[in-house]
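Quick notes on the structure that follows.
The values are calculated or read from the model by the stated rules, or taken from the named source; none is laboratory data. Since we're looking at a predicted model, the values are computed, not measured. We place every Cβ from the backbone using ideal geometry, glycine too, and count neighbours over all the protein chains shown.
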Amino acid sequence: MSFNFQRLFAIVLKEFIQMRRDRLTFGMMIGVPMIQLILFGYAINSNPKHLPTAVYAADNSVFSRSFIWGLRNSSYFDLVREARSPAEINKLLAENKVQFAVTIPVDFSRKLVRGEKPDLLLEADATDPSAVGFAQAAVSGLVATVLNRDLLGPLAKLRATAPPFNIVAHQHYNPESISQYNIVPGLMGVMLTMTMIMITGLAITRERERGTMENLLSTPVHPGEVIVGKIIPYIMVGYVQVILVLLAAKFLFNVPMLGSVPLLFLLVLLFIVANLAVGITFSTVAKNQLQAVQMAFFFFLPSLLLSGYMFPFRGMPGWAQNIGECLPLTHFLRVVRGILLKGNGLAETLPDLWPIALFLTVVLIIGIKRYRQTLD
Amino acid sequence: METFAIDVRGVTKKFGTRTVVNDIAMQVRPGEIYGFLGPNGSGKTTFLRMLCGLLTPDGGEGKCLGLDFRSESAEIKKRVGYMTQKFSFYEDLSIEENLDFIARLYMMPQRKMAVEKSLERLGMVERRKQLAGTLSGGWKQRLALAACLIHEPQLLLLDEPTAGVDPKARRDFWDEIHKLAASGLTFLITTHYMDEASRCNRLAYIAYGNLLASGTVAEVVKAGGLTTWEISGENLAALAEKIRGLPGVEQVVAFGTTLHVSGRNAEKLNASVSPFVSGAQRWEKIESGLEDVFISLMEAAKDNFS
């Protein structure tokens, strides 16, 4: 019994009709990605600004006012409160009213003028370290310059002296640290992973659960025709999602697209097929649709957490990075970010293409071995 | 040598340590309607699934439509129509789409015509766009039969085709089957209904995976070796209580206004009931019914195999 395109077409046609009638699944395929896109795209920001800040200025001098102005101008701090005592500062931090609290001690300006290098206390609510990191860095930058204007005449000698050398830091590919440039292209991989695996997982277990598989197996249809016939319609769904993300990236989030979009379009096929193969393989193991969904989530969570989408890949311990390296999403994120943000071509993406291809091969072999032509 | 549509021997299937089908032989002639009976879980469905290649047998040999049923199941699938117990067409596809899908899978050369013909025979030309899921039980079963027939198979395997279908639809269904059999199609049908069993040319009865009897209705009844008394009159319920459990009495079954008492050992049975025969009720020895025979076979099988 050999592979036949006429029968393949019959399966594809049937899948399309069923997809059209199944409003809920169809909604999931288009609606969920859109919601993710809007929520993740607009909500996730790893460089937060305008953090609520309280000030307790026991020393009301030109210098403290200048410093406070400096904070405000950095755009990281919004001065929302003037505290009247150190106790109030503690209370504001504990009650989550402010993220930062600045305490300017009583003798700040006197010590400053005497050249005693007074301390200035900056307290942060660091329960979420990533929320305060950038802001803290901005404060250290302030120290060097903010008082220069006020240190006049005899005080000029107190001005910060120039360091013996300069560090020139270039933030390549995303100089303004805009989270969306990182999140939105990555989201393409995340939503493909989620929907592709779940949909194919459901597609085959549904046949088994409804008893239609028994009927299908009693016809001359070839297992390869069933598998390919079920994959093809969802490849198209995958491309619809890719187009949606790219349109949103361009027109909603203004993500730069330096590389070749047609190249990305071509390479995403490998990633889509890899995920569909995972779904098919899951469905050969799952006994019902619920199990298929559970397995999809079982695969989706490590993909989301260990791929470098949510958290910096290099920040993870070695074992987590090793797991991450096995997941297709990890490599696809590098491909898509590379092409869009870095302008990478095929040569630069190759090191991340073969792992996806290897993953696909292994999963497909398992899937075909497990797919049974009988009901045994 | 006579050619058979189905000619298999020693067919065996095990699920783990449990033998579901045990060493069954079956010969079905072309154009015959062969009834396949037995209690739930007796292995009927498993046997049908092995014939059409859905399950791999653990033992047995033979031919189905002249093809080796173990090694040539791909070829057999093209010539066999299999109607599953549960409706197994796509409920979210219309009647026409379902038929068209099946016709495509069998690569019918004149697909559109075949679908059209099938719709006409079904009497569903007007309702072709209706989703299969919205059909009533009887119509679903007719659609399933039509879909099984679309590729013009030589052998039809029907697994409890009339379960849950009303009497009128059941009778129409059987008329259709007799018509098709007259045109040369062979049927192997599992059923629980005795009236359907008696409409088959020949029967086989299996229980716990073992073939207990086969042949024509008369042959099966004779092989059952059952003696049956029919009693009519007053106070049958009280009488039934007295007779039940006497030596030789195996079944006491109420049939409306009559009572059937039967047993395999005629001597013992007659001895036990003789004190009652002269009572107020009317006693008459009758031919045993198929159902009595089957229940008797099943009881006997329970003692032997379980």
Is it true that some residue in the range A:19-32 is within 14 Å of chain B (Cβ to nearest Cβ), in contact (Cβ under 8 Å) with a residue 40 or more places away in the chain and either surrounded by 19 or more Cβ atoms within 10 Å (Cβ to Cβ) or in a helix (DSSP H, G or I) (or both)? yes
Keeping to the range A:44-75, report how many residues are surrounded by 14 or more Cβ atoms within 10 Å (Cβ to Cβ), polar (S, T, N, Q) and either touching a strand residue (DSSP E or B) at 6+ places or on another chain (Cβ under 8 Å) or in a helix (DSSP H, G or I) (or both). 3
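Please verify whether the range A:114-134 includes one or more residues that are aliphatic (A, V, I, L, M), assigned to a helix (DSSP H, G or I) and either within 26 Å of A:Ala94 (Cβ to Cβ) or not assigned by TED's automatic domain parsing to the domain that holds A:Arg337 (or both). Break it down stepwise before answering.
From the range A:114-134, those aliphatic (A, V, I, L, M) are A:120-122, A:124, A:126, A:131-132; that's our starting set.
Going one step further and asking which of them are assigned to a helix (DSSP H, G or I), we end up with A:131-132.
If we keep only those that are either within 26 Å of A:Ala94 (Cβ to Cβ) or not assigned by TED's automatic domain parsing to the domain that holds A:Arg337 (or both) too, we end up with A:131-132.
The answer is yes; a qualifying residue exists.
Restricting attention to the range B:190-205, does a residue exist that is touching a residue at least 60 places away in the same chain (Cβ under 8 Å), among the aromatic types (Phe, Trp, Tyr), assigned by TED's automatic domain parsing to the domain that holds B:Arg171 and surrounded by 16 or more Cβ atoms within 10 Å (Cβ to Cβ)? Let's see the steps before the verdict.
Pass one, the range B:190-205, residues touching a residue at least 60 places away in the same chain (Cβ under 8 Å): B:190-192, B:194, B:196-205.
From what is left, the residues that are among the aromatic types (Phe, Trp, Tyr) are B:205.
Retained after the next criterion (residues that are assigned by TED's automatic domain parsing to the domain that holds B:Arg171): B:205.
Adding the requirement that they be surrounded by 16 or more Cβ atoms within 10 Å (Cβ to Cβ) leaves B:205.
Checked against the condition, which is being touching a residue at least 60 places away in the same chain (Cβ under 8 Å), among the aromatic types (Phe, Trp, Tyr), assigned by TED's automatic domain parsing to the domain that holds B:Arg171 and surrounded by 16 or more Cβ atoms within 10 Å (Cβ to Cβ), the range B:190-205 yields at least one hit.
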Please specify each residue of the range A:1-15 satisfying the condition of being over 16 Å from A:Leu202 (Cβ atoms) and either away from chain B (no Cβ under 11 Å) or among the basic types (Lys, Arg) (or both). A:Phe3, A:Arg7
Members of the range B:122-140 found to be away from every other protein chain (no Cβ under 12 Å), assigned to a helix (DSSP H, G or I) and touching a Lys or Arg at 6+ places or on another chain (Cβ under 9 Å), listed by number: B:Leu122, B:Gly138, B:Trp139
Quick one: how many residues across the range A:339-351 are under 19 Å from the mean Cα position of the chain (by Cα) and buried (at least 21 other Cβ atoms within 10 Å of the Cβ)? 2
Condition test on A:Val12, is it in the same structural domain as A:Val132 (by TED's automatic domain parsing), touching a helix residue (DSSP H, G or I) at 6+ places or on another chain (Cβ under 7 Å), modelled with pLDDT of 90 or more and over 30 Å from A:Phe253 (Cα atoms)? no
State all residues of the range B:76-99 that are in a helix (DSSP H, G or I), among the acidic types (Asp, Glu) and either at the interface with chain A (Cβ under 9 Å from one of its Cβ atoms) or on the phi > 0 side of the Ramachandran plot (or both); if no residue qualifies, say none. B:Glu97
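Quick check, is A:Arg372 under 30 Å from A:Ile178 (Cα atoms), touching a residue at least 12 places away in the same chain (Cβ under 8 Å) and among the basic types (Lys, Arg)? Break it down stepwise before answering.
On the way: under 30 Å from A:Ile178 (Cα atoms): no; touching a residue at least 12 places away in the same chain (Cβ under 8 Å): yes; among the basic types (Lys, Arg): yes.
Taking the combined requirement at face value, the residue does not satisfy it.
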Please find, among A:Ser61, A:Ser85, A:Ser66, A:Ser74, the residue that is touching a Gly at 6+ places or on another chain (Cβ under 9 Å) and away from chain B (no Cβ under 14 Å). A:Ser74
Before we move on, is B:Phe47 closer than 17 Å to B:Leu155 by Cα, buried (at least 23 other Cβ atoms within 10 Å of the Cβ), of a type in the set (Phe, Trp, Tyr) and out of contact with any helix residue (DSSP H, G or I) (no Cβ under 7 Å at 6 or more places or on another chain)? yes
Could you list, in sequence order, all residues of the range A:207-234 that are at the interface with chain B (Cβ under 10 Å from one of its Cβ atoms), in contact (Cβ under 8 Å) with a residue 24 or more places away in the chain and of a type outside the set (A, V, I, L, M, F, W, C)? A:Glu214, A:Pro220, A:His222, A:Glu225
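Report, by residue number, each residue of the range A:256-272 that is farther than 18 Å from A:Ser307 by Cβ, part of a helix (DSSP H, G or I) and among the aliphatic types (A, V, I, L, M).
A:Val261, A:Leu263, A:Leu266, A:Leu269, listed by residue number.
Select from the range A:344-376 the residues that are assigned to a loop (DSSP other than H, G, I, E, B), touching a Pro at 6+ places or on another chain (Cβ under 9 Å) and more than 14 Å from chain B (Cβ to nearest Cβ) and list them in ascending order.
The first filter runs over the range A:344-376 and keeps only residues assigned to a loop (DSSP other than H, G, I, E, B), leaving A:344-345, A:371-376.
Narrowing the set further to residues that are touching a Pro at 6+ places or on another chain (Cβ under 9 Å) leaves A:371-373.
Result: A:Tyr371, single match.
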Within the range B:87-133, of all residues that are in contact (Cβ under 8 Å) with a residue 12 or more places away in the chain and over 24 Å from A:Pro220 (Cβ atoms), the one surrounded by the most Cβ atoms within 10 Å (Cβ to Cβ) is B:Met124
Lone unmet requirement of (1) under 23 Å from A:Leu301 (Cα atoms); (2) assigned to a loop (DSSP other than H, G, I, E, B) for A:Met198: (2)
Residue among B:Ser262, B:Ser296 that is assigned to a helix (DSSP H, G or I), among the polar types (S, T, N, Q) and not assigned by TED's automatic domain parsing to the domain that holds B:Ile33: B:Ser296
I'd like to verify a number: residues in the range B:51-75 that are more than 9 Å from chain A (Cβ to nearest Cβ) and either among the basic types (Lys, Arg) or in contact (Cβ under 8 Å) with a residue 24 or more places away in the chain (or both), how many? 13
The conditions are (1) part of a strand (DSSP E or B); (2) at pLDDT below 85, and B:Ala280 fails exactly one of them. Which is it? (1)
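Determine, yes or no, whether B:Pro109 is within 25 Å of B:His192 (Cβ to Cβ) and either within 12 Å of another protein chain (Cβ to nearest Cβ) or β-branched (Val, Ile, Thr) (or both). Walk me through it before giving the result.
Working: within 25 Å of B:His192 (Cβ to Cβ): no; either within 12 Å of another protein chain (Cβ to nearest Cβ) or β-branched (Val, Ile, Thr) (or both): yes.
No.
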